[in-house]
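Asks: Encoded as structure tokens, here's the structure I'll be asking about.
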Amino acid sequence: MTAPDSRSETALAPTDARAVLVVVDVQNDFLPGGSLAVQDGHAVVPVINRLAGQFTHVVITQDWHTPGHISFASSHAGKQPFETTTLAYGTQVLWPDHCIQGSEGAALAADLAIPHAQLIIRKGFHPGVDSYSAFMEADRTTSTGLAAYLKARGLSRVFVTGLATDFCVAWTALDARQAGFETWVIEDACRAIDADGSLTKAWSDMTAAGVGRIRAADLG
Ligand SMILES: [Zn+2]
């Protein structure tokens, strides 16, 4: 596979039959006023709505946790949000309770306007495993099924947007590359948490993996 080339107009055409827009976790709890709000998170909504109108194929992800999920600080005695703990699958950042199945916080942003989205894929629903990525859960062995779905439908060019750049967007983009997809992150359609240099590291990892870094205006 050739690396994504931001200078190639054909590679960046949203109307390409192989192109799919992936909208990551644009949910109330990640928006201002939510329990795990990403600063300026709401700014992505109009950008994503405009982008989605350009794409034939759109997939939405939804963080979807059980009450008492292992990624919640409240599930670990003596731990505060944004501290870490060690789980069987590695280091886990502990978060405020968020995106509990069926809650208002887990609902997609009310003004996200993508009626033609073809799939909403939920992740993080196993009580003992987190899943930042839309492709692979945090144990790095449990698949969400998204790669097989995209491949079965001939969708090989993945454009990632949403929240948060340095966690669920980055992990999704890195796993898309790992699974063999051409992958771009649309920078101005994302916002970051940026804790302890996590945003710089995320871009460094994504660039090294061949993820293209573009802006919405780059799409023809
Ligand atoms: Zn979560």
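The values are calculated or read from the model by the stated rules, or taken from the named source; none is laboratory data. Just so we're clear, the structure is a prediction, and the values are computed from it rather than from any experiment. Don't worry about glycine lacking a Cβ; one is built from the backbone with ideal geometry, like all the others, and counts go over all protein chains shown. Surface accessibility is based on the protein's heavy atoms, side chains included, excluding ligands, DNA and RNA. Shrake-Rupley method; radii C 1.70, N 1.55, O 1.52, S 1.80 Å.
Asks: Just to be sure before I move on: is LYS151 farther than 22 Å from LEU51 by Cβ and either within 16 Å of the ligand (Cβ to nearest atom) or open to solvent by 10 Å² or more (accessible area, probe 1.4 Å) (or both) in the structure I sent? Even if it seems obvious, please write down each step before you answer.
Replies: Numbers: farther than 22 Å from LEU51 by Cβ: yes; either within 16 Å of the ligand (Cβ to nearest atom) or open to solvent by 10 Å² or more (accessible area, probe 1.4 Å) (or both): yes.
In short, yes.
Asks: Give the number of residues within region 87-114 that are within 15 Å of the ligand (Cβ to nearest atom) and not in a loop (DSSP other than H, G, I, E, B).
Replies: Looking only at that region, the number is 8.
Asks: In addition: Here is a list of conditions, (1) outside any loop (DSSP other than H, G, I, E, B); (2) in contact (Cβ under 8 Å) with a residue 24 or more places away in the chain, and ALA148 meets all of them except one; can you say which number that is?
Replies: For ALA148, the exception is condition (2).
Asks: Further question on the same structure: Say we look at region 120-135 and pick out the residues that are surrounded by fewer than 20 Cβ atoms within 10 Å (Cβ to Cβ) and within 18 Å of VAL23 (Cβ to Cβ); which of these is farthest from the ligand (Cβ to nearest atom)? Even if it seems obvious, please write down each step before you answer.
Replies: Going through region 120-135, the residues surrounded by fewer than 20 Cβ atoms within 10 Å (Cβ to Cβ) turn out to be 120-122, 125-128.
Checking which are within 18 Å of VAL23 (Cβ to Cβ) leaves us with 120-122.
Working: ILE120: 16, ILE121: 14, ARG122: 11 Å.
Out of the qualifying residues, it is ILE120.
Asks: Among the candidates ALA138, ALA117, single out the residue that is in a loop (DSSP other than H, G, I, E, B), touching a residue at least 24 places away in the same chain (Cβ under 8 Å) and either in contact with a Pro (Cβ under 6 Å, 6 or more places away or on another chain) or within 15 Å of the ligand (Cβ to nearest atom) (or both).
Replies: Numbers: ALA117 fails: either in contact with a Pro (Cβ under 6 Å, 6 or more places away or on another chain) or within 15 Å of the ligand (Cβ to nearest atom) (or both).
Exactly one residue qualifies, and that residue is ALA138.
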